[in-house]
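The structure appears right after this line, and notes come after that.
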Amino acid sequence: MRPDPVPLSRAQRLALTAASFLFLVVATMSLGPLITGSGWWWLCAFIAAGTLFSGAGFRSIRTPPSLVPVLELVVLLLLLTLVFGGGTSIALIIPTQGTFEVFGELLTGAARTIEQQSVPAVPVPALTFILALGVGLLAVVTDVLVQTFRVPALAAGPALVPILIPGFIIEAGAEVPTLVLAAAAYLLLLRVDV
């Protein structure tokens, strides 16, 4: 990964992180017509915030840019362990072999849930796990594009994943107000970068 051409200040990095977070969580709202309730969205927002803002923290202590995405993935694993690991973890956040077995069961359960449930789906633990994992991975990719490679315009790519999914499942697709909010959040991200 190449270093930034013009180093950003901590305030600029934090503003970019906040704009990236806003953009990602607004894009995640487009899954609303597919899943009942809002608890799943708050969980995804928590995972995205933990992942993105940990990256900002690592950068503020001058962690090498190539290590930040790896450390964000570690934070994602710790957060997933905290929320889904249950009694299999050490000190609630350190995963063990049992934690990975639980994760495997949740992934298998998520596939079954997607096959069996109709829309809107009930957010069972397996489904919320796959949503949290997906949003966490999208947060890492977004952070790499915005902060490391300094191409925030390409951050629309990861955000399109949750925006496009409803169009494949229901005829109406994502709701128009959510699309408008996502577009506004994207423009804000581009403006903050400038």
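Volume per residue for segment 98-157 equals 96 cubic angstrom (convex hull of Cα atoms). Computed over neighbours whose Cβ is under 10 Å from that of Ala126, the net charge equals 0, Lys and Arg +1, Asp and Glu -1. Placing a pseudo-label 7 Å from each Cα along the Cα-to-Cβ vector at Thr108 and Ser66 gives an inter-label distance of 3.8 nm. Calculated mean residue ellipticity at 222 nm for the chain: -22500 deg cm²/dmol, from DSSP H runs with n ≥ 4 weighted as -39500 (n - 2.57), summed, divided by the residue count and rounded to 500.
Counting Lys and Arg as +1 and Asp and Glu as -1, what is the net charge of the other residues whose Cβ lies under 12 Å from the Cβ of Gly86?
After counting each charged neighbour, the total is -2.
For Ile35, nonlocal amide neighbours, meaning residues 5 or more places apart or on other chains whose placed amide H falls under 5 Å from its own, are Ala121. Taking all protein chains together, Phe21, Phe168 sort by accessible area into Phe168, Phe21, largest first [probe 1.4 Å]. Using a probe of 1.4 Å, the accessible surface attributed to Thr148 totals some 10 Å² when neighbouring protein chains are kept in position. Across all C-alpha atoms in segment 1-106, the radius of gyration and Dmax reach 16.0, 46 Å. If the segment from Arg191 to Thr96 were pulled out straight at 0.36 nm per residue, it would be longer than the present Cα-Cα gap by 29.9 nm.
Between Leu160 and Gln117, the simple spin-label model (points 7 angstrom out along Cα→Cβ) gives 2.7 nm. If the Kirkwood radius is taken over C-alpha pairs of the chain, then at 37 °C and 0.692 mPa s the Stokes-Einstein diffusion coefficient equals 190 µm²/s. Across segment 39-194, Cα pairs under 8 Å and at least six residues apart give a relative contact order of 21 percent. With a cut-off of 13 Å on the backbone N, the residues of segment 167-194 near the modelled label site 7 Å out from Gln12 along Cα-Cβ are 192-194. Compute the distance in nm between two label points, each set 7 Å from the Cα along the Cα-to-Cβ direction, one at Ile169 and one at Val151. For Ile169 paired with Val151, the spin-label model returns 3.0 nm. For segment 60-154, the equivalent ellipsoid built from the Cα gyration tensor has semi-axes of 28, 20, 8 Å, listed from largest to smallest. The order of Val146, Val192 by accessible area, most exposed first and with a 1.4 Å probe, is Val192, Val146. Computed with every protein chain present, the accessible area of Asp193 is close to 50 Å² [probe 1.4 Å].
For Ile94, nonlocal amide neighbours, meaning residues 5 or more places apart or on other chains whose placed amide H falls under 5 Å from its own, do not occur.
The values are calculated or read from the model by the stated rules, or taken from the named source; none is laboratory data. For clarity, every value in this text was computed on a predicted model and none was experimentally measured. Methodologically, a virtual Cβ is constructed for each residue, glycine included, from the backbone with ideal geometry; neighbour enumeration extends over all protein chains shown. Heads up: the accessible areas ignore ligands, DNA and RNA and are worked out on the full protein's heavy atoms, side chains in. Shrake-Rupley method; radii C 1.70, N 1.55, O 1.52, S 1.80 Å.
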